[in-house]
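What follows is a set of notes on a single structure, which appears directly below.
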Amino acid sequence: MAGGTRPVMNREQVDRALAQLGAERDAVEAALLALQDHPGLRLLTGAELSGRTRERWAVAEGGMALLWALFDRYAEALASARAVRSRRTRPTAAELAELGELLSGRAVAVSGGRLPEAAGQLGVPARLVERVTLTELLERMNGWYAVVVEVVSAVDAVWSALPARIDLLLAELGRVQMLALSVGVRSGAHPLADDLDQLAGQLTALRAEVVADPLSLWRPSRVPAQRGRGAGAGDSRPGAWASPTGAGAVDTGSFDRMGRALDDIRVELEGLLRLRDESHERLQQVADLLQRADLTLAEARRARGEVLAKIAATEVPAVPGPASALREAIGQAVDYQQTGQWHRLGPLLDALENAAAKELGRARQALTEVAQPLAVRAELRGRLEAYKAMAARLGLAEDPEVVERFEKARWLLWSAPCDLRAGAEAVARFQQALRAPERQPAPQTEDSAEGEETDG
């Protein structure tokens, strides 16, 4: 027979082998029971799948049934060996030979269809029955266990990570769509509404993909196990039968991008909502700026008339008219406000605020340029009065020349039309009269001071 040349095991070797194989059996059974209770396996059973998930689950589902069938053959073979060992305390040579064949020989007969990785290889004819050792049978179970665990754990990871988050994002999308309607953002009329519709379609499609083909969103950290060649194949130690886990990560890139896109849309819509709440006040501020600009231009026109009437030989710039185009734009903004077209009102209102501020600046600049001659005349009048006060302090208020120059300057500056150049020259001459050496008070000497004391 096949085991005729196999070394005969002694009693101690048989007992150690039985203990090791018994521990392997217990580990396999615990792992299979844990796998059977895995939530991913329960969700996969009866699910309508597609794509990569359907293909891999078809293999893994068959592998799950195969695992239990192989485990039964393993347990039966181990039970047969234990029965032989239990016949007597000290087994005979024939019994030791039989035990050696059962424990390490190809004593386990399984259907060729039960071991597709051995019978299904290219170039290898299929066999109806195949005989394997217990160790080989354990290796085959290890390989198929890895295949099933990889599929089940990956599917459970995707289903645990994405569907609930997608549902929350869809609910948030619904709230954002209601916000969009409240500010007049509607499909076909505003790009934000179109973006929301597109995002809703993408999220719905992503959820359908996650439910039907979760493995399309799973990124393993290693090459997926092939049929019957999983990680752990060939490892017959009890530790090879770990709890069901998967090595990899869920691809949330598409979901994350959709979440960021929804956040961006919500921020824009919240800006429109603030605009709706602030639009009346902002329009009023624009109207106030234009009113102040009109008042400033009116003051500039009044100042221009005064300059033309009171200042001689002066070129006075023309005063611009009111900005009628801005008033038309304000009317359009009010129409947008009343009809709730906030997405159109926003950029128009920004432009109006900028234009109104510039219009007020233009009016102020016009007033400054027009009133410049009046400001020069006022400055000359102020200087003349200051020099008059200086003359009084110097005791020159009654000096004929000083009085004459003062009256000349005063007549020029207070007459209309006023010649600013002549007035400036008259003020300068009056100042020079005050600074003439003969009109400065003489400094007191010691002799004059003593004379004054003697006279006293």
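Read the figures in this text as sums done on the coordinates, not as results from a lab. Since we're looking at a predicted model, the values are computed, not measured. Cβ placement follows ideal geometry from the backbone for every residue including glycine, while neighbour counts extend to all protein chains displayed.
Worth pointing out:
- Annotation for R90 and A389: the two label points, set 7 Å from Cα along the Cα-Cβ direction, are 14.0 nm apart.
- From phi via Karplus (6.51, -1.76, 1.60), per-residue ³J(HN,Hα) for the range 398-412 in Hz, x at Gly/Pro: 9, 5, x, 5, 5, 4, 5, 5, 5, 5, 4, 5, 5, 5, 5
- Each residue of the range 249-254 was assigned a 3J(HN,Hα) from its phi angle through the Karplus curve 6.51 cos²θ - 1.76 cosθ + 1.60 (θ = phi - 60°); the sequence is 8, 7, 7, 9, x, 4 Hz, with glycine and proline shown as x.
- For G248, the amide hydrogen comes within under 5 Å of the amide hydrogens of S221, counting only partners 5 or more places away or on other chains and with H modelled in the peptide plane.
- Magnitude of the charge dipole, the range 276-370, Cβ model with Lys/Arg +1 and Asp/Glu -1, debye to 20: 280 debye
- Rg(Cα) / (2.2 N^0.38 Å) computed for the range 276-370, rounded to two decimals: 1.34
- Hz values of 3J(HN,Hα) by residue in the range 204-213 - Karplus curve (6.51, -1.76, 1.60), Gly and Pro given as x: 5, 5, 5, 5, 4, 5, 4, 5, 8, 9
- 5 angstrom amide H check on I311, placed H, neighbours 5+ away: C418
- In this structure the amide hydrogen of W218, modeled in the peptide plane, comes within under 5 Å of the amide hydrogens of D251, none closer than 5 places in sequence on its chain.
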